[in-house]
Amino acid sequence: MTFASQITRLPIAVDQGAAATAREAAGWATGQVAELIGGAAGSAPYLAGLIGKEAEWLETALAAPVDQVVPGVLAAAAAEGDVAVALRVAKRRLALFTALADLGGVWPLEKVTGALTELADCAVQLAWRRALEREAARRKSALEPGDVDDDLCGIFVLAMGKMGAHELNYSSDIDLIVLFDQDRWPERDFHELRTSLVRATREAAKTLSDNTAEGYVFRTDLRLRPDPSVTPVCLSMEAAERYYESLGRTWERAAHIKARVCAGDLEAGAGYLERLRPFIWRKHLDFAAIQDAHDMRLAIREHKGLYGTALEGRDLKLGRGGIREIEFFTQTRQIIAGGRDPELRVRGTVDGLARLAEKGWVGEAEAAQLAEDYRAHRELEHRIQMVHDQQTHALPKDAEGIERVARLAGEGDTEAFRARLEERLERVATLAEGFFAPGKKRKGEGEPEWSEGAREIMARWQGYAAFRSTRAGELFARIRPELMTQLGGAAKPEEALGAFDGFLRGLPAGVQIFSLFASNPQLLGLIVDICATAPELAEYLSRNAGVLDAVIGGDFFADWPGVEVLDAALREEMARAGDYEGKLDTARRWAKEWHFRIGVHLLRGHASALVAGQQYALLAEAVLRAVYPVVEAEHARRHGPAPGRGAVVLGMGSLGAGWLNARSDLDLIVIYDAAGVEASEGKRPLTAGAWYARLTKALVTALTALMAEGRLYEVDMRLRPSGNSGPVATSLAAFAAYQRKEAWTWEHLALTRARVICGAEVLAGEVEAVRCEVLAARHDRAKVLADVAEMRARIFEAKRPEGGLEAKIGPGRMQDIELAAQAAALLGGVPARRLADQLAAGALCDGTDVLARSYALMQQVQGCARLLSEGPLEVEGMGEGARALLARETGVEPVEALAGRMDEAAAAAAEVIERALDGAGKEG
């Protein structure tokens, strides 16, 4: 389709005489195109000049299909011998055509800015190639003529800012960072090579920037490179990486959101940006970026003197409510969350708003309105620049100028134009201020009267590591009024304050966490709840504050997703990590957050202790499912693929039964089948037994190693055949033979709860078949019960209750009831793993309902106790929040009565078990 057939709007000429002159000068133009040119030229003298210079070309362009014009202009520029002249002609023609396409509504904003960016990309590539060719022709250059190719001798040019995002405006300059691959020419002298590349870069920039008789191409700015006052205009990517790793600032991170390789060695540039990714995108939510961006906004206004609110002379880009406000709003939120969510890492402002809305970081209506306002601002910016081809963002300084811009925008009513513009600017400004500088609560409002001891605690805070920097103190001052109000609302304020003091004392630094609280006030309520209920969890948080990121994600309090969803989510997260250790650190960070989520759900009553225990077990299962293949792949990379049919990981004990607490370790067994294969095939082959033994050790190390992100789980492998004296990995044949002929009664009891968690599917069914066969075999009832009685006696002798609300150890408590249930399953020959199902086998005794009720009470207490404390849970000194949690879970109040209720339940359960065991003895 031709240009004329797609016109949807027309500007209104200010000077009809000038419009008529323009139409006459381009006498070939008729109909709508003539009106468009007349209106545009009447408001924009620069466009009138371009029309006069390029009338012949324009006639041809307007008659051609619109989508062929830009490629034609770029192809013509590339074909010309004099690059400097060719690019200026191309710029003139494309500036004219895009202006008319914009004014006539033929192209939307994105198409206009995209066409201008395409020209810039082409211009940069051609200018640098021509400059390198000239440099290579010099007698004393480090380059030779044959070195110059489309990779630009290892140079790659990063388009920054609007050019990087394909958002160039009508009269933009272009911000570039020019780097080179220092390893491209290892045989050349580095300093001589750099000198040649620097010389070529200066010449290329002049080719684009110099204003000649043919005009200029693009004003080119190379000052966004690292430390521009002391570094050359072209520097090695290694030097740039070192700078950003050690000295990079928040504004430089924000600038790199839009960075794009626009010319030169695309592969080297892509690798460089990938290595820079950890600098740009932090792995934790980075709310400190909000204050950095706010400070930058204020500094720009101060420097430019942009505090006026009148339309005349107002800066549409940098002023209050302007374009930069929307860009800062978008980029800052991308920086906050983009490290955790790669889908937020987009360059365009409108695209960024859409992604943020999709992910719940910005409301959909808010994002849509900002996108609409951004487009309107940008289109008006274009019209301002069309008037005289000036790189200005300021509205005209007089009413006549405002009227001219209004007419160029197709507005016949200047007052209505002004009103809509002022409304738009105020709307953007209000939203930006609400994000960057929300209202503050007055100090002291809602605070309780603190005791002298409490005031002494607060006086210590300035000496903590978290308050080392001035900025941390300023951020804490912002959140302190709300924090004190929240603490004052706790059941026992000073008790909660003491726990919060423990949280602050453990923080290694304060800026990030205080920024997080300042931007998300709801987290203050959560941290106060935790301090009031579980002080030990608060201390854990001070060492692992990153888990609070998960609360901001939007679905923290959503329903439990299930193990399949968790497994898939963790695999996806690990796949994004680079190397093996990166994948394991990702798993550690991910698991910490989900572990914390389960605990918070229990604390706040979103899940009961019984349900939380199931979730802890499912979380462990998801972690094993996702981590095992990664460990196996790394092991195979070193020693070749698994010999035979692979291995499976069995979960034993509580993991196999599907119920863990907040501090449970994992009981595991690894079983493999080499299927007659003697050794692996790889760079460092191992015998089959050694291959699987080392795989098992690698898995245990991956799970238990204490790294910067913490550890996944403690692991216990003593339930494998022959215990600690046996091999760490057991062959399927040896496992089956051992269970059939050699296993002790306690090992058969442990087998009742065994469950394949992950590994080779073809092997899982066979392992389960062996388990079912062993359990279904006839077992001597008298011997089993006699062995159970002996085991109980040994356990009670070896493991004395530690005091407090003891739920696990002792007659009639969890471990004792589990032992009885396992005996019931073994004697009944059933493969059930859950305690209720094992008791239902009915092969042990009457009174299973008594055992089930006692076990449920003990589970409720144990689930709460292990969340609240690592050691014994003492009633004396227990906080009000912990008391409320136990009362809610057990239905027993006050908590002093709980110990008595537990003793009664345990005595009743122990009587049932002992009666069964005594009966067996009499039968024998």
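The values are calculated or read from the model by the stated rules, or taken from the named source; none is laboratory data. Source: prediction; values computed, not measured. For neighbour counting, all protein chains shown are included, and Cβ atoms are generated from backbone atoms with ideal geometry for every residue, glycine included. Keep in mind that these areas ignore ligands, DNA and RNA; they rest on the heavy atoms of the full protein, side chains included. Shrake-Rupley method; radii C 1.70, N 1.55, O 1.52, S 1.80 Å.
Per residue, how much accessible surface does the stretch 669-790 expose to a 1.4 Å probe? Answer in Å², no decimals.
Numbers: 5880 Å² over 122 residues.
Here the residues of the stretch 669-790 average 48 Å² of exposed surface.
For residue 716, which sequence-distant residues (separation of 5 or more, or a different chain) have an amide H within less than 5 Å of its own amide H, given hydrogens modelled in the peptide plane?
Hits under the 5 Å cutoff: 666, 667, 668.
For the pairs 317/359; 359/492; 91/359, flag any whose C-alpha to C-alpha distance is greater than 29 Å.
Numbers: 317/359 27 Å; 359/492 38 Å; 91/359 39 Å.
The pairs that break the limit, which is 29 Å between Cα atoms, are 359/492; 91/359.
Measure off 7 Å from each Cα along the Cα-to-Cβ vector at residue 494 and residue 420, then give the distance between these two points in nanometres to one decimal.
A separation of 6.4 nm, rounded to one decimal place.
Amide H of residue 362: which non-local residues (sequence gap of 5 or more, or other chain) have their own amide H closer than 5 Å, using H built in the peptide plane?
Correct list: 357.
Would any residue of the stretch 697-719 have its amide N under 18 Å from a label point 7 Å out along Cα→Cβ of residue 543? List them or say none.
Under 18 Å, as judged by backbone N against the label point of residue 543, lie 703-715 of the stretch 697-719.
Which residues among the stretch 244-283 fall inside the zone where the amide N is under 20 Å from a point 7 Å beyond the Cα of residue 230, along Cα→Cβ?
244-253
Between residue 390 and residue 189, what is the label-to-label distance in nm when each label sits 7 Å out along the Cα-to-Cβ direction?
According to this spin-label approximation, the distance is 4.9 nm.
How far apart, in nanometres, would the label points at residue 741 and residue 55 be if each is projected 7 angstrom from Cα along the Cα-to-Cβ direction?
Computed distance between label sites residue 741 and residue 55 equals 10.6 nm.
For the peptides 617-628, 394-405, what is the packing order when you average, over each peptide's residues, the other Cβ atoms within 10 Å and list the highest mean first? Display every interim value, and only then the final one.
On the way: 617-628: 23.3, 394-405: 16.7.
Packing order, densest peptide first, comes out as 617-628, 394-405.
Using a 1.4 Å probe, what is the accessible area per residue for the stretch 450-537, in Å²?
Ligands and nucleic acids excluded, the result is 39 Å² per residue.
Using 0.36 nm times the number of residues separating residue 246 and residue 791, minus their current alpha carbon distance, what extension gain do you get? Display every interim value, and only then the final one.
Details: separation 545, 0.36 × 545 = 196.20 nm, distance 6.00 nm.
Here the answer is 190.2 nm.
From the helices alone, meaning DSSP H stretches of at least four residues, give me the mean residue ellipticity at 222 nm for the chain, per-run term -39500 (n - 2.57), in deg cm²/dmol to the nearest 500. All intermediate terms of the calculation are to be shown ahead of the outcome.
On the way: 40 runs with 553 residues, N = 924.
Using -39500 (n - 2.57) per qualifying helix, the result is -19000 deg cm²/dmol.
On average, how much accessible surface per residue is there in the stretch 86-138, in Å², for a 1.4 Å probe, leaving out ligands, DNA and RNA?
Working: 1320 Å² over 53 residues.
Per residue, the stretch 86-138 has 25 Å² of solvent-accessible surface.
Taking θ = phi - 60°, what integer Hz values does the Karplus form 6.51 cos²θ - 1.76 cosθ + 1.60 yield along the stretch 593-606, in sequence order, with x for Gly and Pro?
Ordered by residue, 3J(HN,Hα) equals 5, 6, 4, 5, 4, 4, x, 5, 4, 5, 4, 8, x, 7 Hz.
Along the principal axes of its C-alpha atoms, what lengths does the chain span, in descending order and rounded to whole Å?
121, 74, 53
For the stretch 672-712, give the percent of accessible area contributed by carbon and sulfur heavy atoms, probe 1.4 Å, rounded to a whole number. The partial results should precede the final answer.
Details: 1170 of 2170 Å².
Roughly 54 percent, rounded to a whole number.
What FRET efficiency comes out for residue 773 versus residue 455 if R0 is 60 angstrom and r is the Cβ-Cβ distance? Round to the nearest 0.05.
Details: r = 70 Å, r/R0 = 1.16.
That pair, residue 773 with residue 455, gives E of 0.30.
Of 915, 771, 324, which has the most accessible area with a 1.4 Å probe, and how do the rest follow in descending order? The partial results should precede the final answer.
Working: 915 125, 771 5, 324 60 Å².
Largest accessible area first, the residues go 915, 324, 771.
Calculate, for residue 202 and residue 610, the FRET efficiency according to 1/(1 + (r/R0)^6) with r their C-beta to C-beta distance and R0 60 Å; round to the nearest 0.05. Walk me through the numbers on the way to the answer.
On the way: r = 72 Å, r/R0 = 1.20.
Efficiency, rounded to the nearest 0.05: 0.25.
What part of the accessible area of the stretch 48-118, given as a whole %, is carbon or sulfur when the probe is 1.4 angstrom?
Carbon and sulfur together cover 56 percent of it.
On the protein heavy atoms, probe 1.4 angstrom, tell me the percent of accessible surface of the stretch 576-622 carried by carbon and sulfur.
On the way: 730 of 1430 Å².
About 51 percent, which is the carbon plus sulfur part of the accessible surface.
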